[in-house]
Amino acid sequence: MSDQCDLCLLGLIILSSLLTGTSGVEDVFISSGVDVSLSCNKDLSDCKSTSWTYYNRFRDSWVELITGGIKNKDTERHERLSLESDCSLNIKNATEEDYGLYTCTQYVNGEQQGTDAYVFLHVLHVSVSPSSSSSSSSSQTEISPGRSVTLSCQFYSVVFCDVWVIYKGDELLWVNQAGVDLKTDSRYQISSSSSSPDPCIITLTTTLLDEDDNREWRCQLTQRNQVQTSVRYTVKYSGDPASGTAGLLYRVIVSIVEMAVFAAPTVILLQIICARRAGRKDSKPPEEIEMPTILQ
């Protein structure tokens, strides 16, 4: 019964958030890896009676993060949480796992003061397919030209993706440094998914060129053509000279040098043999011929 009540409450809050101008409900859009501050409707002079709770989407229940101004050490991310002097909840280095619904409530002697503050935290995150790189992070990866790379951009929200698309006019885009939609360039293969219950996803696939070194692509979330948040992704080639066109030239030069080094003794031996057979007068007796240093 309690779980059903939680779901009903969540449904009402989501419905309220979809209605423009509704007070007490705030949408916060961020990219993964940044610090974020969630505001509370502060009605007291201090935060000793402030509580922050989080809706756990996996268990369909609420989790106490801060109670009476004190952090709950039983939560997995308590080290990344802090309470500001204005009772805002700070989340350090937020990840895609932090998305969801947060509420701030204040009590005095068991009585609630003011109204609850509801904050929807939505997170945009980019990942690279594991088979495409040797190392990666949320903003940069070391890969080589000539290889195919796939970047996946996901919009994490407790609200289903198609709800955002229909009611809010949200859209995910891959753009270049100039902000031009990469769908207009045939070099890139762009595909997207916006069906419930999956999160909004847009992928970019392309074959890397030499000139892509330090090139930046950006996944951005727009709402009615206004950018809400974005994630920058920079391609950085490794320092290995044996990659790309430059690597091919390097290997050719190395091969020529190796051939010259190993061929030199053979050439000298042939010259000595030819000199003996020709019976040159100025040639020394065999026992007096000095072997080249490289053969000694």
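The values are calculated or read from the model by the stated rules, or taken from the named source; none is laboratory data. Predicted model, so just to flag it, every value in this text is computed and none were measured. Note: ideal-geometry Cβ built from the backbone for every residue, glycine included; neighbour counts use all protein chains shown.
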Near pairs, Cβ below 7 angstrom, 6+ apart or cross-chain, from segment 61-75 (in a loop (DSSP other than H, G, I, E, B)) to any residue that is exposed (fewer than 15 other Cβ atoms within 10 Å of the Cβ): Gly68/Lys48; Gly69/Lys48; Asn72/Glu64; Asn72/His78
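If a residue must be modelled with pLDDT of 90 or more and part of a strand (DSSP E or B), how many such residues does segment 192-217 contain? Before you say what the answer is, go through the steps one by one.
Filtering segment 192-217 for residues modelled with pLDDT of 90 or more gives 201-217.
From what is left, the residues that are part of a strand (DSSP E or B) are 201-207, 216-217.
Residues that pass the stated criteria total 9.
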Name every residue in segment 43-87 that is surrounded by fewer than 16 Cβ atoms within 10 Å (Cβ to Cβ) and of a type in the set (S, T, N, Q), in order of residue number. Ser45, Asn56, Ser61, Thr67, Asn72, Thr75, Ser82, Ser85
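Report, by residue number, each residue of segment 14-43 that is at pLDDT below 75 and part of a loop (DSSP other than H, G, I, E, B). First the steps, then the outcome.
Let us first name the residues in segment 14-43 that are at pLDDT below 75, namely 14-24, 43.
Correct list: Leu19, Thr20, Gly21, Thr22, Ser23, Gly24, Asp43.
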